[in-house]
1. Select from segment 343-357 the residues that are open to solvent by 60 Å² or more (accessible area, probe 1.4 Å) and in contact with a Lys or Arg (Cβ under 9 Å, 6 or more places away or on another chain) and list them in ascending order.
2. Spot the failing condition for His255; the list is (1) touching a residue at least 40 places away in the same chain (Cβ under 8 Å); (2) more than 18 Å from the chain's Cα centre (by Cα); (3) more than 30 Å from Pro392 (Cα to Cα), and only one is missed.
3. Pull up segment 58-96, narrow it to residues that are among the charged types (D, E, K, R) and in a helix (DSSP H, G or I), then point me to the one that is least open to solvent (accessible area, probe 1.4 Å).
4. Could you please find all residues in segment 97-110 being open to solvent by 30 Å² or more (accessible area, probe 1.4 Å) and more than 26 Å from Ser161 (Cβ to Cβ)?
5. From the list Pro145, Pro113, Pro121, pick out the single residue that is farther than 30 Å from Gln273 by Cβ, assigned to a loop (DSSP other than H, G, I, E, B), away from the ligand (no atom under 11 Å from the Cβ) and open to solvent by less than 10 Å² (accessible area, probe 1.4 Å).
6. Determine which single condition Val373 fails, assuming it passes every other condition in (1) of a type in the set (Val, Ile, Thr); (2) open to solvent by 20 Å² or more (accessible area, probe 1.4 Å); (3) touching a helix residue (DSSP H, G or I) at 6+ places or on another chain (Cβ under 8 Å).
7. Does Gly135 count as at pLDDT 95 or above and either touching a strand residue (DSSP E or B) at 6+ places or on another chain (Cβ under 9 Å) or under 22 Å from Asp238 (Cβ atoms) (or both)?
8. Go through (1) in a helix (DSSP H, G or I); (2) more than 16 Å from the ligand (Cβ to nearest atom) one by one and return the number of the condition Leu102 breaks.
Amino acid sequence: MAGLSGGGKLGPGMGFAVRVLEASGDQRRIVYLWVGEIMGVPLLDIKKMHAPIRDALAQKVLEVMDSAMYVNGKYVDDFEAELAAYCGAAKAVGVSSGSDALIIALMALGVKPGDEIITTPFTFFATVGAIVRVGATPVFVDIEPRGFNIDPSLIEERMTSRTVGIIPVSLFGQTADMDAVESVAGKHGVWVLEDAAQSIGARLHGKMSGTFGHAGIFSFFPAKNLGAMGDGGAVLTDDPALADKMVLLRNHGGHHRYYYDEVGGNFRLDAMQAAVLSVKLPHLETWEKVRRDNAKVYDEQILNRDGCVLPDEMESRYHVYNQYVIRVLNGRRDGVKAFLDAENVGNAIYYPLCLHQQKCFSNLGYQTGDFPVSERAAAEVLALPIYTDQAPQVAESLNRALKG
Ligand SMILES: *Cc1c(COP(=O)(O)O)cnc(C)c1O
């Protein structure tokens, strides 16, 4: 009996172990019980990311607490100026989340019911949710297979007299082909709003993601490359009138308290989040380097190239790998995922079902088969831990999964 042991999983990353250290005839047992983090590789370890700047973060949080300036004010103004300068945009408007950044940008661009907006069906829900929330109609265009971003060569044929704009998404940390998107938009006189929620710091021929088109949005959701300690987002634009309108709209549409020019909403960024983001922004490039170095480790150490396709950095791009997403071929994705799960190697599927196939958008009339490149991506993609110091272990585990 002594030495008998067992254990199990309590939830994501948590486990328990039980061991009977000693047992005697009268059934007196000494039981060793352990509950804690399972040894393995988490998909993202935010605590580890914060560890070297923990004191600076704590100090800033206390400073905001003692200032009692929790809504608007200095911390938000400062972060907006820092973010705009970092990206090379005229203006950054801090808002409550990436999702709200999309909504407020669409409101400021004057989108109205009946308008059509072209976007990709292979993105996070919020891109398309925002279009519907402002009463417009999403019109989907398939993606190109290398970068998972909208295929600009397919945009023109989907344009109608009701098309008002295009929302390309720079998915997983690599910019969409913004030149081609801007050129087709320019030809038809429609705006471009870049959903750069996953691509802060990414570049296309040296120009920062988020600064293309009429406006670009960021998300500061904790798992994004620049994450707050809660929700947050921003809209970048070089158009001062558009920026002014968003500043108005995020505060219910009023310049002066209790006098309103428009119907906006409460889309404000918390001072506490803005202050945290100010502390974190100067470290973004260091964290990017960890991600890019790990991408190189994977390039070298993931072996079975008949069984999977690794993400690649496309021409003129600087990829910041918000997610490192491989394709697992030959219908083996779910099997490989189960293998990694069993070894506690973090992984995730972004995204398992395209947006044109979602129940809530069934009224749009799309069918399975309409966007084959997106649908194939949804069946093959698998994200691996990329902000980690255990990339060789992940590669080794994946190599066994692909062999098995
Ligand atoms: C995260 C994300 C959003 C929404 O951001 P939130 O801050 O979570 O509201 C929008 N679009 C894309 C592509 C995203 O990844």
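The values are calculated or read from the model by the stated rules, or taken from the named source; none is laboratory data. Nothing here was measured: the structure is a model prediction, and the numbers come from that model. Counting neighbours? That spans all protein chains shown, and the Cβs are built from the backbone with ideal geometry, glycine included. Ligands, DNA and RNA are excluded from the accessible area calculation, which covers all protein heavy atoms including side chains. Shrake-Rupley method; radii C 1.70, N 1.55, O 1.52, S 1.80 Å.
1. Within segment 343-357, just Glu343 meets the criteria.
2. Among (1) touching a residue at least 40 places away in the same chain (Cβ under 8 Å); (2) more than 18 Å from the chain's Cα centre (by Cα); (3) more than 30 Å from Pro392 (Cα to Cα), His255 violates only (1).
3. Step one: filter segment 58-96 for residues among the charged types (D, E, K, R), giving 60, 63, 66, 74, 77-78, 80, 82, 91.
When the remaining residues are screened for being in a helix (DSSP H, G or I), the result is 60, 63, 66, 74, 77-78, 80, 82.
Details: Lys60: 51, Glu63: 79, Asp66: 119, Lys74: 96, Asp77: 86, Asp78: 61, Glu80: 14, Glu82: 74 Å².
Going through the qualifying residues, I end up with Glu80.
4. We begin by selecting, within segment 97-110, every residue open to solvent by 30 Å² or more (accessible area, probe 1.4 Å); these are 99-100, 107, 109-110.
Across segment 97-110, the qualifying residues are Ser99, Asp100.
5. On the way: Pro145 fails: open to solvent by less than 10 Å² (accessible area, probe 1.4 Å); Pro113 fails: open to solvent by less than 10 Å² (accessible area, probe 1.4 Å).
Step by step, each of Pro145, Pro113, Pro121 is checked, and only Pro121 is farther than 30 Å from Gln273 by Cβ, assigned to a loop (DSSP other than H, G, I, E, B), away from the ligand (no atom under 11 Å from the Cβ) and open to solvent by less than 10 Å² (accessible area, probe 1.4 Å).
6. (3)
7. Numbers: at pLDDT 95 or above: yes; either touching a strand residue (DSSP E or B) at 6+ places or on another chain (Cβ under 9 Å) or under 22 Å from Asp238 (Cβ atoms) (or both): no.
Taking the combined requirement at face value, the residue does not satisfy it.
8. Every condition holds for Leu102 apart from (2).
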